[in-house]
1. If we scan segment 176-183, do we find a residue that is acidic (Asp, Glu) and either at pLDDT 95 or above or within 30 Å of His116 (Cβ to Cβ) (or both)?
2. Report yes if some residue within segment 168-180 is under 30 Å from the mean Cα position of the chain (by Cα) and among the aromatic types (Phe, Trp, Tyr); otherwise report no.
3. What are the residues in segment 101-125 that are part of a loop (DSSP other than H, G, I, E, B), hydroxyl-bearing (Ser, Thr, Tyr) and surrounded by 14 or more Cβ atoms within 10 Å (Cβ to Cβ), if any?
4. Going by the structure shown, is Ala432 within 28 Å of Lys289 (Cβ to Cβ), of a type in the set (A, V, I, L, M), surrounded by 16 or more Cβ atoms within 10 Å (Cβ to Cβ) and touching a strand residue (DSSP E or B) at 6+ places or on another chain (Cβ under 7 Å)?
5. Of these, Ser380, Ser348, which one is of a type in the set (S, T, N, Q), outside the structural domain of Ser312 (by TED's automatic domain parsing) and surrounded by 12 or more Cβ atoms within 10 Å (Cβ to Cβ)?
6. Suppose the filter is closer than 24 Å to Lys287 by Cβ, in contact (Cβ under 8 Å) with a residue 12 or more places away in the chain, among the hydrophobic types (A, V, I, L, M, F, W, C) and in a loop (DSSP other than H, G, I, E, B); does Phe384 pass it?
7. Please determine, by comparing only the residues of segment 289-315 that are exposed (fewer than 14 other Cβ atoms within 10 Å of the Cβ) and more than 14 Å from Phe351 (Cα to Cα), which one is modelled with the lowest pLDDT.
8. Residues that are free of Cβ contacts under 8 Å to residues at least 24 places away in the same chain and under 30 Å from Thr225 (Cβ atoms): which strands (runs of 3 or more DSSP E) entirely in segment 128-211 hold 2 or more of them?
Amino acid sequence: MDNNHTGCTIDNIKIKTKGDGSTGDYEYWSGTSMAAPHVSGLAALAWAYKLNLSAAAVKDAVINQGDDDSSLTGRTLTGKRINANGTLNYLKSAKQIIVVDLTAISESVIVDDVEHTVVISVPYGTSLTSVVPTIDHNGASISPASGVAQNFTSSVEYTVTATDASTQAWTVSVTVLANTAKEITAFSLNDLAEDGIIDEAGHTIAINVSYGTNVVDLVPTITITGNSVSPASGIAQDFTNPVTYTVTAENDSTQAYAVTVTVGENPFAVAKVKFRDGSGSSKTTSKTKISLDFSGIGNSTEFIISKSADFSGASWRAIKDSTKVTIKKKSGKQKFYIKFRNADGIESQVFTKTLQYKVSKRVLKVSKKRVSKGDILVESGKNFSKNSEVVLYFSKPGGGYYAPKTVTTSKKGAFSISYRVNNPPGAYNWYAIDKKTGKTTKKLKYTIK
């Protein structure tokens, strides 16, 4: 065959007669069974004319150089009839880049036959300093050659030379796509021990905090792979209800995460506190040292008690088998506030207990209310200031008082004196003054016969 195909051109042949093949003459047949060998034959003709063509280049030449045929519109992909002469003429001067493949890393390739440009997108993180392109074209040659590494950090110009020696310059540009990563990889709250559990499939984050944690003002620390997160890391949030965080990637795509904070169960839910003064009563006492009984307090190691709701001035104390607290010696109801703290540093809710304090009256006593001269008389008192002094006053039968007598009380606030009666007969009375408090007792009467 003459590759210059200067012979005659035959167009629109119509065969008027049909045969059944028995005569060996030409026959008329239609359908894809007839179209396929004609198209295949033209493809073979194109390859015979230009051996370096790829399948894509042959397909491009056959399809683009076909003739429009209205009878084929809607019946075939192109609505065209093949044109062998047009295809070969096209290939003679063709210098198109069909496609450029960057060693299987191309995300997309856009070939512009008008501007003679090729724009290629590659994944984020791809290095462009030494990329090997595979270039499919329909010319006779291309320079730089296909398969030779190039630095695509800037555009590279390729020149395609056609069979007829005409040339066409092409500009190939490679763009690295923006990072699509938009994950939350770590999530923590304040200095709390537990980090969030991230479910990447469900895009949820669950984080548990100890009982007593105030969730209305927690500051999260967030690590992401994206460009930004909103609300931002380090900004206090109210986690009473789930909070949505949205991560934005460098390519502006987004991913939302729902963060849920769960407060642990109250370890002091069944805790109980009661006073015990040894008399069996937990609501009234006349003692200044009283025991505290605890139950249901788990692994608590400390407690704090105060008469102030804000516990001002109070200190944490170790819990012992027998824990005693000091009660003010003041008549009336006294309200106490109590909290516990366990080994994990978790504090309980505030317990309130009310105790009725009864101040013991100072009591004077004589061993006999009627005595004779020469008898031994014992005079005693209790409920005075401990380890202190009491001043005793004794009346005279005819009026007035003898010189006062001072006695020392015991560690329980009691005293006792005894003497042989040598006073004249008559009615007597005596009383005492607590030297520490200044309180005076009632007068106690007795008679000497």
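1. Yes, because at least one residue in segment 176-183 is acidic (Asp, Glu) and either at pLDDT 95 or above or within 30 Å of His116 (Cβ to Cβ) (or both).
2. No: segment 168-180 contains no residue that is under 30 Å from the mean Cα position of the chain (by Cα) and among the aromatic types (Phe, Trp, Tyr).
3. First, pick out the residues of segment 101-125 that are part of a loop (DSSP other than H, G, I, E, B): 102-107, 113-116, 123-125.
Those left that are additionally hydroxyl-bearing (Ser, Thr, Tyr): 103, 106, 124.
Passing the criteria: Ser106, Tyr124.
4. Working: within 28 Å of Lys289 (Cβ to Cβ): yes; of a type in the set (A, V, I, L, M): yes; surrounded by 16 or more Cβ atoms within 10 Å (Cβ to Cβ): yes; touching a strand residue (DSSP E or B) at 6+ places or on another chain (Cβ under 7 Å): yes.
When the stated conditions are applied, Ala432 passes them.
5. Values: Ser348 fails: outside the structural domain of Ser312 (by TED's automatic domain parsing).
Step by step, each of Ser380, Ser348 is checked, and only Ser380 is of a type in the set (S, T, N, Q), outside the structural domain of Ser312 (by TED's automatic domain parsing) and surrounded by 12 or more Cβ atoms within 10 Å (Cβ to Cβ).
6. Working: closer than 24 Å to Lys287 by Cβ: yes; in contact (Cβ under 8 Å) with a residue 12 or more places away in the chain: yes; among the hydrophobic types (A, V, I, L, M, F, W, C): yes; in a loop (DSSP other than H, G, I, E, B): yes.
So Phe384 fits the description; yes.
7. Checking each candidate, the answer is Lys289.
8. Details: elements: 134-137, 141-143, 156-161, 167-176, 184-189, 197-199, 204-209.
Ranges flagged: 197-199.
The values are calculated or read from the model by the stated rules, or taken from the named source; none is laboratory data. Quick caveat, the model's predicted, so the values are computed rather than measured. Please note: Cβ atoms are built from the backbone with ideal geometry, for glycine as well, and neighbour counts cover all protein chains shown.
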